[in-house]
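Participant: Have a look at the structure that comes next, please.
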Amino acid sequence: MKRIGVLVSGGGTNLQALIDAEKSGVLKSGKIVCVVSNKSGAYALERAKAAEIDAHVILKKDYATSAEFDRALRDCMQAAEVDVVVLAGFLSILGSDFIDAYRDRIVNIHPSLIPSFCGDGFYGLKVHEAALDYGVKVTGATVHLVNEITDGGRILMQKAVYINDDDTPETLQRRVMEEAEWKILPEAVEKLCAEI
Ligand code: GAR
């Protein structure tokens with residue numbers, strides 16, 4: 001059984017999908033042992049508490065440099081003996097100290113079909129705004145490994161979602177979550193945990 005650490009920044013619906021997958025047995029080769037948020041009010045923290053998972057807040061402003069923040073995140077994961085790290089709506093870029101410590105063991109969910117609408121500045125609702133502005137008819141979600149290039153690591157899983165003529169960024173975000181993210185994130189995490 002691999003020990004999973006989840007990094008979050010917001011509502012935590014992807015964290016919830018992982019918690020639910022653990023309960024239903026879809027996620028059976030790993031166990032969520034710790035959740036860390038870089039935002040103090042994040043609702044994801046409530047979800048962690050409700051599921052009786054250790055939850056911590058680590059704020060960038062409490063550290064003099066990004067590298068120190070990065071090391072604090074890494075130390076927290078290592079203290080919990082985490083094997084696999086999942087970025088579930090974690091909206092801060094990880095530095096090399098963290099990535100080196102968990103090379104090929106960090107998974108991110110991104111709300112588009114990479115290589116479209118990804119990289120620096122593309123996060124959350126902005127991704128769906130960009131897809132609608134461009135006029136693509138198909139979007140989706142991607143689970144990939146994390147390396148030093150933003151959204152540039154090896155793709156593990158993708159799922160397509162059709163765009164409707166009357167979609168807004170908000171309706172599209174919700175459908176991409178329901179039809180793609182909440183399914184492929186637990187599946188990809190299970191596959192990675194089983195493989196390592
Ligand atoms: C999700 O749509 C996730 O794909 C996205 O943020 C949202 C978090 O929602 N992540 C990114 O944009 C990363 N670049 P959640 O907190 O409800 O899981």
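The values are calculated or read from the model by the stated rules, or taken from the named source; none is laboratory data. Note that the structure is predicted; figures quoted are calculated from it, not measured. Note: ideal-geometry Cβ built from the backbone for every residue, glycine included; neighbour counts use all protein chains shown. Quick note on the areas: whole protein, heavy atoms, side chains included, nothing else; ligands and nucleic acids left out. Shrake-Rupley method; radii C 1.70, N 1.55, O 1.52, S 1.80 Å.
Participant: Just the accessible area per residue of the chain, please: how many Å² with a 1.4 Å probe?
Facilitator: Numbers: 9370 Å² over 196 residues.
It amounts to 48 Å² per residue over the chain.
Participant: Work out, step by step, the length gained on full extension between V26 and D104: first 0.36 nm times the residue separation, then minus their alpha carbon distance; give nm to one decimal. If you can, show how the numbers build up before the last one.
Facilitator: Details: separation 78, 0.36 × 78 = 28.08 nm, distance 2.16 nm.
Result for the pair: 25.9 nm of gain on full extension.
Participant: How high is the relative contact order of the chain, in percent, counting Cα pairs under 8 Å that sit 6 or more residues apart?
Facilitator: Across the chain, relative contact order equals 22 percent.
Participant: Please get the size of the charge dipole for segment 1-154, origin at its Cα centre, with Cβ charges of +1 on Lys and Arg and -1 on Asp and Glu, quoted in debye to the nearest 20.
Facilitator: On the way: 17 positive and 19 negative charges, 73 e Å.
Once rounded to the nearest 20, the dipole reads 360 debye.
Participant: Now for a separate question. Taking Cα atoms, how many degrees apart are the long axis of helix 182-195 and the longest axis of the chain, rounded to 10 and kept between 0 and 90?
Facilitator: It is inclined by approximately 50 degrees.
Participant: Using the alpha-carbon atoms, what tilt in degrees (0 to 90, nearest 10) does helix 13-24 show relative to the longest principal axis of the chain?
Facilitator: That helix lies at roughly 70 degrees to the long axis.
Participant: Between K159 and I196, what length comes free when the chain is fully extended (0.36 nm per residue of separation minus the Cα-Cα distance, one decimal in nm)? If you can, show how the numbers build up before the last one.
Facilitator: Details: separation 37, 0.36 × 37 = 13.32 nm, distance 2.33 nm.
Stretched out fully, the K159 to I196 stretch lengthens by 11.0 nm.
Participant: As an exercise, use a Förster radius of 25 Å and the Cβ-Cβ distance of E187 and S66 to find the FRET efficiency, rounded to the nearest 0.05.
Facilitator: Result of the calculation: an efficiency of 0.20.
Participant: Give the longest segment of the chain that steers clear of GluC sites (Glu not before Pro) in DSSP loops with at most 14 neighbouring Cβ atoms within 10 Å, not counting the sites themselves.
Facilitator: Working: sites that count: E52, E81, E148.
No qualifying site falls inside 82-147, the longest such stretch.
Participant: With each run of n ≥ 4 DSSP H residues scored as -39500 (n - 2.57), what mean residue ellipticity at 222 nm is computed for the chain after dividing by its residue count and rounding to the nearest 500 deg cm²/dmol? Walk me through the numbers before you get to the answer.
Facilitator: Numbers: 7 runs with 72 residues, N = 196.
The per-residue figure over the chain is -11000 deg cm²/dmol.
Participant: Looking at this model, which pairs from K49/K183; K39/K60; K28/K191; K28/K49; K2/K191; K2/K23 are more than 19 angstrom apart at the alpha-carbon?
Facilitator: From K49/K183; K39/K60; K28/K191; K28/K49; K2/K191; K2/K23, over 19 Å: K49/K183; K28/K49.
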